[in-house]
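K.L.:
Structure below; questions to follow.
The values are calculated or read from the model by the stated rules, or taken from the named source; none is laboratory data. The structure displayed is predicted, hence computed values, not measured ones. Cβ placement follows ideal geometry from the backbone for every residue including glycine, while neighbour counts extend to all protein chains displayed. These area figures cover heavy atoms from the full protein model, side chains too; ligands, DNA and RNA do not enter into them. Shrake-Rupley method; radii C 1.70, N 1.55, O 1.52, S 1.80 Å.
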Amino acid sequence: MVTQTRVHLQTLVLLFFVVHLSQPVCVDVPSATEAVLGKSMKLTCIACLKREEIKPKTRVDWYYMPEKEENSPYNKTHIYVYDNDTPVELDGPFKGRLAWNGSQDLQDVSIVILNATFNDSGVYECQVLRKFEFDFFTPSAFLSKDIKLKVIEKASKDTTAVYSEIMMYVLLVFLTFWLLVEMVYCYRKISKSDEQAEDTAY
């Protein structure tokens, strides 16, 4: 009886983790800052909602600013807008080379630059405006993020990514080994319980 209870508890814990992991989770991650010449580049902009059950009206504006030179103001260019569930490329140097890469719930409002050129180096600004509609008032929230992008000729080795991948495989092996140990332990417990039950019956 104790063994069966233990197995049921382990099953419930496993199901809890599976259900928990299957739920969408918003994680604010920084964007990559290096693009490779001629390749696509995702400009990541995450704007997490604190209360996902309330769906606001969301407008996203992307701006581009070349590298600022001394004693000269920023020359900000409006390059992309997402409003009323419609993404629109604006006229300018990026026309035909931008694509929406955001999520359906608009917590990820990223865009992709296609066929990156050296002229794409600079600062990209992501602006997110949310309007929440209630019965008596309409509060709003504004978020702005800057991404400094550099276009390089060849991809550089990302030691952090390699280290993360190695750690992921090590963790996967450890979890697999732990699961096998638990399965063997449970199997032995069940077998021993069955043997004791048979001896008692005789």
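K.L.:
Considering the stretch 120-147 alone, what residues qualify as being within 18 Å of residue 50 (Cα to Cα) and crowded, with 16+ Cβ neighbours inside 10 Å? Step through it out loud before you land on a result.
P.N.:
At the first step, the residues of the stretch 120-147 found to be within 18 Å of residue 50 (Cα to Cα) are 127-134, 138-145.
The answer is 127, 128, 129, 130, 145.
K.L.:
Out of all the residues in the stretch 53-69, which are over 19 Å from residue 150 (Cα atoms), open to solvent by 60 Å² or more (accessible area, probe 1.4 Å) and either β-branched (Val, Ile, Thr) or modelled with pLDDT under 95 (or both)?
P.N.:
Scanning the stretch 53-69 gives 53, 55, 57.
K.L.:
Right, residue 93: open to solvent by 20 Å² or more (accessible area, probe 1.4 Å) and not in a loop (DSSP other than H, G, I, E, B) or not?
P.N.:
no
K.L.:
Quick check, is residue 117 touching a residue at least 60 places away in the same chain (Cβ under 8 Å) and either open to solvent by less than 50 Å² (accessible area, probe 1.4 Å) or under 23 Å from the mean Cα position of the chain (by Cα) (or both)? Show your work before the answer.
P.N.:
Values: touching a residue at least 60 places away in the same chain (Cβ under 8 Å): yes; either open to solvent by less than 50 Å² (accessible area, probe 1.4 Å) or under 23 Å from the mean Cα position of the chain (by Cα) (or both): yes.
Taking the combined requirement at face value, the residue satisfies it.
K.L.:
While we're on this one: Identify the single condition in (1) part of a loop (DSSP other than H, G, I, E, B); (2) touching a Ser or Thr at 6+ places or on another chain (Cβ under 8 Å); (3) under 30 Å from residue 153 (Cβ atoms) that residue 106 does not satisfy, given that it satisfies every other one.
P.N.:
Residue 106 satisfies every listed condition except (3).
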